[in-house]
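Quick note: the coordinates plus some simple rules give every number you see, no bench work behind them. Since this is a predicted model, take the numbers as computed values, not measurements. Quick reminder, even Gly has a Cβ in these numbers, built from the backbone with ideal geometry, and neighbours come from all protein chains shown.
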Amino acid sequence: MTSRPRAMDLAIEGGTIIAPDGRRRATLYVADGRVAAISEERLDATRTVDASGRFLMPGMVDAHVHLMEPGQPEREDFPTGTAAAAQAGVTTLIEHTHGSPVRTLADLVTKVDRLASRSRVDFGLAAHSWPGFEESVEPLWRAGVAFFKVFTCPTHGVPGHSPAQLLSLFTELARLEAIALVHCEDASMTAAAEETLRAAGRADGGILAEWRTPEAELVAVGSVALLARLTGARVVVAHASHLASVELVEREQTLGAAVACETCPQYLALYASEALELGAFRKFTPPARARLVSELDQMFSALRDRRIAYVSTDHAPSTRADKSAGGIWDVHFGLPGLDTTLPFLLDAAHAGRISYELITEVYARTPARLYGLTPTKGSLEVGADADFVLVDPELAWDVSDADIISKAGWSPFAGRRFVGRAVATYLRGVCIARDGLVMAEPGTGRFVPGPGLRSPDGAY
Ligand SMILES: [Zn+2]
């Protein structure tokens, strides 16, 4: 006698399941918070959700997020930033905050404890690599940080790494099979440009392009990618702003470097000239480079060709008041992005610039894979966490500052019409947001440790 299989907890039926390698009409079944089956057959389920006309995509994984907690609650915090994430279709994010960096094991333990009651979506945490804290690298990796954030130039109060410091850090990362996300701008070039611009009394939005130049980015990308090859370390170039950075990374890849490129919507959509008019509201670094639509097309084409590995937000919000207080030199760098990144990508797919399948690759599977969150996160394989988003691909809506959940309260995409939006988001089989309403309480989200924790002597 065979025992009757127990009923599934949840069936999502009638939708089109989108995965990196294709799409199909099927029902997704959830049991115990995990994907239990994807089937054209009807199985027993306690509850059924009709997803007719919807795309069913894996929950998005945003690998580059700053939620400013603790430290700058007026800019963002976990309950608010992760509400924006849940509503937009992001079910896992990897967070790090420059104002309260994780530099030691004790910092990590304190942060994980604090966040146990703060996050509405699942989260990994990155550590900061910090000159003087080299001894912490191994314990942090073994305790489950997703990656080490590294700067080549002093930025946001974080010290830069010289090539000598990068060499020894990357050697250690290679030994540990750990991974770094590196902000690439050459320190000597940004410092020299700043000196010249300040001496000339410049305080207009035009300083951004002249201060944080493509040359400064490329010099740092070139040496970081080269050092990745020489040491064998796995390295990701953060927020590649234009095609030349992607090409430099590619050159080192063909020579054997384990290096990859991240980009963000701002480098696929915004123009350099916007800073002239909008000043602080376009102060992020590297800045938008594009002068022509063809340059944005080049970035989309690099994304389509997988020369850019993945997309993140680099969510680093400031309120309107913050961005308006003080001169261009004084205001914080950064843009809000969690509210708008999946919609931006859905709109690009609707317009035919990328495929919906590619979104599940570049905003879910690849970042999850690179940072060791697979197989539980980033895909809808059987056995993965039942993190998914129901998308209405034809829903046209106008982005407006009033609808931004992030404490920023504004968006560089306000005024644009997007086609496509998440209408429901599920985390481990539970609906956490629907039709703009966030249901998940702070504390719903769990810490997802990185792969270093899984090594035999790892402990946390
Ligand atoms: Zn960042």
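Taking Cα pairs under 8 Å and at least six residues apart, what relative contact order does the chain come out at, in percent? List each step's numbers first, then the result.
On the way: 1114 pairs, mean separation 104.0, N = 460.
Relative contact order of the chain: 23 percent.
For the range 246-357, with the dipole built from +1 on Lys and Arg beta-carbon atoms and -1 on Asp and Glu ones, taken about the Cα centre, which of Ala316, Leu346, Thr285 lies farthest toward the positive end?
Value computed over the given set: Thr285.
For the range 219-358, what relative contact order do you get, as a whole percent, if you take Cα pairs closer than 8 Å and at least 6 residues apart?
Numbers: 206 pairs, mean separation 30.2, N = 140.
Worked out over the range 219-358, it gives 22 percent.
Taking K and R as +1 and D and E as -1, what net charge do the other residues with C-beta under 15 Å from the C-beta of Asp62 add up to?
Once all neighbours under 15 Å are counted, the net charge is -3.
What is the spin-label model distance, in nm, from Arg6 to Arg202 if the labels are put 7 Å beyond Cα along the C-beta direction?
Each label point is offset 7 Å from its Cα along the Cβ direction, giving 6.6 nm.
Let me check I've understood the local charge: for Phe333, count other residues with C-beta under 10 angstrom from its C-beta, Lys and Arg +1, Asp and Glu -1. What total comes out? Intermediate results must be reported in sequence, preceding the final value.
Values: positive: Arg212, Lys283; negative: Asp314.
Charge balance in the 10 Å sphere: +1.
Using only the Cα atoms of the range 70-128, what are the Rg and Dmax in Å?
11.2, 33
With the calculation restricted to Cα positions, what are the radius of gyration and Dmax of the range 25-98 in angstrom?
In Å, with Rg to one decimal and Dmax whole: 17.0, 51.
Run the count for the chain, please: Lys pairs, Cα-Cα under 23 angstrom, 8 or more apart or on different chains.
Details: Lys111/Lys149; Lys111/Lys377; Lys111/Lys407; Lys149/Lys283; Lys149/Lys377; Lys283/Lys323; Lys283/Lys407; Lys323/Lys407.
Taking the chain as the scope, the lysine pair count is 8.
If you rank His332, His183 by fewest surrounding Cβ atoms within 10 Å, what's the result?
Working: His332 19, His183 24.
Fewest to most other Cβ atoms nearby, the residues stand as His332, His183.
In the neighborhood of Ser168, defined by Cβ-to-Cβ distances under 15 Å, what is the net charge if each Lys or Arg adds +1 and each Asp or Glu adds -1? List each step's numbers first, then the result.
Details: positive: Arg175; negative: Glu134, Glu135, Glu138, Glu172.
Local charge sum for Ser168: -3.
If you place +1 on the Cβ of every Lys and Arg, -1 on the Cβ of every Asp and Glu, and leave all else neutral, what size is the dipole of the chain about its Cα centre, to the nearest 20 Debye?
On the way: 45 positive and 57 negative charges, 131 e Å.
Once rounded to the nearest 20, the dipole reads 620 debye.
Summing -39500 (n - 2.57) over the DSSP H runs of n ≥ 4 in the chain and dividing by its residue number, what mean residue ellipticity at 222 nm do you reach, to the nearest 500 deg cm²/dmol? List each step's numbers first, then the result.
Values: 15 runs with 136 residues, N = 460.
The helix contribution divided over the chain gives -8500 deg cm²/dmol.
I need the Debye-formula profile for the chain: one equal scatterer per C-alpha, no solvent, reported as log10 I(q)/I(0) at q = 0.06, 0.07 1/Å, two decimals.
The calculated log intensity ratios at q = 0.06, 0.07 Å⁻¹ are -0.24, -0.33.
Mind computing the radius of gyration and Dmax over the alpha-carbon atoms of the range 1-135? Å is fine for both.
19.8, 66
Which order do Met299, Met60, Met68, Met439 fall in if you start with the one that has the fewest other Cβ atoms within 10 Å? Mind dumping the intermediate values first?
Working: Met299 22, Met60 34, Met68 26, Met439 15.
By the 10 Å Cβ count, ascending, the order reads Met439, Met299, Met68, Met60.
Ranked by Cβ crowding within 10 angstrom, fewest neighbours first, how are Thr27, Thr196, Thr374, Thr92 ordered? Please list the in-between numbers first.
Numbers: Thr27 23, Thr196 12, Thr374 18, Thr92 30.
Starting with the residue having the fewest Cβ neighbours, the order is Thr196, Thr374, Thr27, Thr92.
Placing unit charges on C-beta atoms (Lys and Arg positive, Asp and Glu negative, everything else neutral), compute the dipole magnitude of the range 156-295 about its Cα centre in debye, rounded to 20.
Numbers: 11 positive and 17 negative charges, 27 e Å.
Magnitude of the dipole: close to 140 debye.
Taking the Cα centre of the range 315-460 as the origin, how large is its charge dipole in debye, to the nearest 20, when only Lys and Arg (+1) and Asp and Glu (-1) carry charge on their Cβ atoms?
220
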